[in-house]
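Down below is the structure, laid out as structure tokens.
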Amino acid sequence: MFERNPERKMPLNRPLHVCYFGTYRAEYPRNQIVIEGLRRNGIKVTECHQPLWRGIEDRIKVIGGGWSNPEFWGRVIRTYFRLMVNYSRIADYDLLMVGYPGQLDVFLARVLSLLKGRPLGWDVFMSIYLIALERGLGQNHPQILKVLRRIEGWALRLPHLLVIDTRDYALWMQDTHGIKADRFSLVPTGADDRVFHRRAIPPKTDRSFLVLYYGTFIPNHGVEFIVEAAFLLREQEGLRFEFIGDGPDRPKIWEQAQKYRLKNLTFIDWLDKEALVLRIQQADICLGAFGTTPQSVMTVQNKIYEGLAMAKPVITGDSPAVRRNLTHGENIWVCRRADPQALAEAIQTLYANPALTESLGEKGYETFISTYDLKHIGQTLSRAIEMETRPQ
């Protein structure tokens, strides 16, 4: 195990320099938020990146047997060769930070940080093993799932600095991989306020009331319960639902809506960011996640913080993770998970109480800009990095 604070020989009268390293998803919000957040706190960030993965479905395909394809290993060799070329051109740094996902990158990064004599950090953010488990890969490929768990467990023992978004996730890592929860620095998910920020809303000319879900239609989100709630509220005048996005469960959700012949529910394919922000701007309520998978319960999803950033009232499923970060009835509204009746009642409550709806949006926005915007997310991580890089 590395010493947690290797001897420093670099001057302290300059900004810290972080090399953000790996095959991480460059367009994924978490990586963009972390990089920009650090920069807003005066830390120099140099990206050393080469794309390996083509998205979550690509990773799931590889785990499910695609790893044996020679084309995949050719891609791996080319990617890491280019990554090493990029790394060789980077000036000295204070900390090598592996971005999400980095379960494979950490092993190479450990060697590089050792040779450089610098500490290693990793924004774990989510467990790839848990994602594979929730996708049901263990049913057809139990041995692959065991190997993935073992690799992730080894990887977690390498960095000096481990980062994750909630205490609940850290406790799950402790129970699953034997890594003490206190080893993790907690950096909330937050939202990118360069994209998601408060905008003027034109006054309404009718009683329409838009309830918005957007996302990847995965079990975490519990979209089937939103459909059931829409069915329960189908006679409510002016109240309509809109689903934006795509994902593995969308065909099933579409069939469910067709079975009920819902006229108050509209499906829209993925929109670019600006168009999506405009739809959020027009929404009266934004929905979070209502599934009961461990991943859903342990995290506070991006869409929740994005709604707060745009001063929208947000309804989401209740959980200890949500309660630790936000307050029901003050800056968010929570209801029982996997319970369409509870969700319908929550929507009805806000629909019938404009003052409460407005207050939730205002208080949520105040909470966001005081705690979860880019500056504050970067500040939280900056403090953790400084602890690892400054002499004690």
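Condition (residue is farther than 24 Å from PRO203 by Cα and modelled with pLDDT of 95 or more) applied to region 276-286: is it met by at least one residue? Even if it seems obvious, please write down each step before you answer.
Going residue by residue through region 276-286, those that are farther than 24 Å from PRO203 by Cα are none.
Within region 276-286 (the criterion being farther than 24 Å from PRO203 by Cα and modelled with pLDDT of 95 or more), the answer is no, since none of the residues qualifies.
This table checks each residue for (1) outside any helix (DSSP H, G or I); (2) over 21 Å from the mean Cα position of the chain (by Cα); (3) without any contact (Cβ under 8 Å) to a residue 12 or more places away in the chain.
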residue	(1), (2), (3)
GLN174	no, no, yes
LEU262	yes, yes, no
THR266	yes, yes, no
LEU276	no, no, no
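Does GLN295 satisfy the condition of being within 20 Å of PRO29 (Cβ to Cβ), in contact with a Lys or Arg (Cβ under 6 Å, 6 or more places away or on another chain) and among the polar types (S, T, N, Q)? Considered against the rule, which asks whether it is within 20 Å of PRO29 (Cβ to Cβ), in contact with a Lys or Arg (Cβ under 6 Å, 6 or more places away or on another chain) and among the polar types (S, T, N, Q), GLN295 comes out as no.
Those residues that are over 25 Å from GLN301 (Cβ atoms) and either part of a loop (DSSP other than H, G, I, E, B) or out of contact with any Pro (no Cβ under 6 Å at 6 or more places or on another chain) (or both), I need them from region 11-44; list them, please. Selection gives PRO11, LEU12, ASN13, ARG14, PRO15, LEU16, HIS17, VAL18, CYS19, PHE21, GLY42, ILE43. The residues of region 361-374 that are crowded, with 16+ Cβ neighbours inside 10 Å and either more than 15 Å from LEU326 (Cα to Cα) or among the charged types (D, E, K, R) (or both), listed by number, are LYS363, ASP373, LEU374. Consider region 14-28 and keep the residues that are modelled with pLDDT of 95 or more and either small (Gly, Ala, Ser) or surrounded by fewer than 20 Cβ atoms within 10 Å (Cβ to Cβ) (or both). The one that is nearest to TYR305 (Cα to Cα) is GLY22. Scanning region 319-331 for residues that are outside any helix (DSSP H, G or I) and either within 18 Å of the chain's Cα centre (by Cα) or among the aromatic types (Phe, Trp, Tyr) (or both), we see that the one that is farthest from GLN295 (Cα to Cα) is LEU326. Do we find a residue being outside the structural domain of VAL34 (by TED's automatic domain parsing), farther than 19 Å from PHE290 by Cβ and aromatic (Phe, Trp, Tyr) anywhere in region 195-208? There is at least one residue in region 195-208 that is outside the structural domain of VAL34 (by TED's automatic domain parsing), farther than 19 Å from PHE290 by Cβ and aromatic (Phe, Trp, Tyr). Consider ALA352 carefully, then state whether it is among the aliphatic types (A, V, I, L, M) and farther than 28 Å from THR293 by Cβ. Spelling it out, ALA352 is indeed among the aliphatic types (A, V, I, L, M) and farther than 28 Å from THR293 by Cβ.
Residues are listed down the side, and each one gets a yes or a no for (1) more than 23 Å from THR216 (Cβ to Cβ); (2) surrounded by fewer than 19 Cβ atoms within 10 Å (Cβ to Cβ); (3) in contact with a helix residue (DSSP H, G or I) (Cβ under 6 Å, 6 or more places away or on another chain):
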site	(1), (2), (3)
ALA283	no, no, no
GLY307	no, no, no
VAL314	no, no, yes
ASN325	no, no, no
ARG337	no, no, no
LEU343	no, no, yes
ALA346	no, no, no
ALA352	yes, yes, no
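For region 117-151, the set of residues classified as charged (D, E, K, R) and either in a loop (DSSP other than H, G, I, E, B) or surrounded by fewer than 23 Cβ atoms within 10 Å (Cβ to Cβ) (or both) consists of ARG118, GLU134, ARG135, LYS146, ARG149, ARG150, listed by residue number. Taking region 336-355 as the range and being under 28 Å from the mean Cα position of the chain (by Cα) and in contact (Cβ under 8 Å) with a residue 40 or more places away in the chain as the test, the residues that pass are ARG337, ALA338, ASP339, PRO340, GLN341, LEU343, ALA344, ILE347, LEU350.
Just to check your reading of the model, which residue among LEU96, LEU114 is touching a residue at least 24 places away in the same chain (Cβ under 8 Å) and assigned to a strand (DSSP E or B)? From the options LEU96, LEU114, the qualifying one is LEU96.
If you go through region 227-260 and keep only what is in contact (Cβ under 8 Å) with a residue 24 or more places away in the chain, assigned to a loop (DSSP other than H, G, I, E, B) and under 16 Å from TYR351 (Cα atoms), you end up with LEU233, ARG234, GLN236, GLU237, GLY238.
Just to be sure, is GLU228 among the acidic types (Asp, Glu) and touching a Leu at 6+ places or on another chain (Cβ under 6 Å)?
Answer is no for this residue.
This table checks each residue for (1) modelled with pLDDT of 95 or more; (2) in contact with a helix residue (DSSP H, G or I) (Cβ under 7 Å, 6 or more places away or on another chain).
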site	(1), (2)
ILE77	no, no
MET84	yes, no
TYR93	yes, no
GLY99	yes, yes
GLY102	no, no
ARG110	yes, no
LEU114	yes, no
TRP122	yes, yes
GLY136	no, no
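The values are calculated or read from the model by the stated rules, or taken from the named source; none is laboratory data. Source: prediction; values computed, not measured. All Cβ positions, glycine included, derive from the backbone under ideal geometry; neighbour counts span all protein chains shown.
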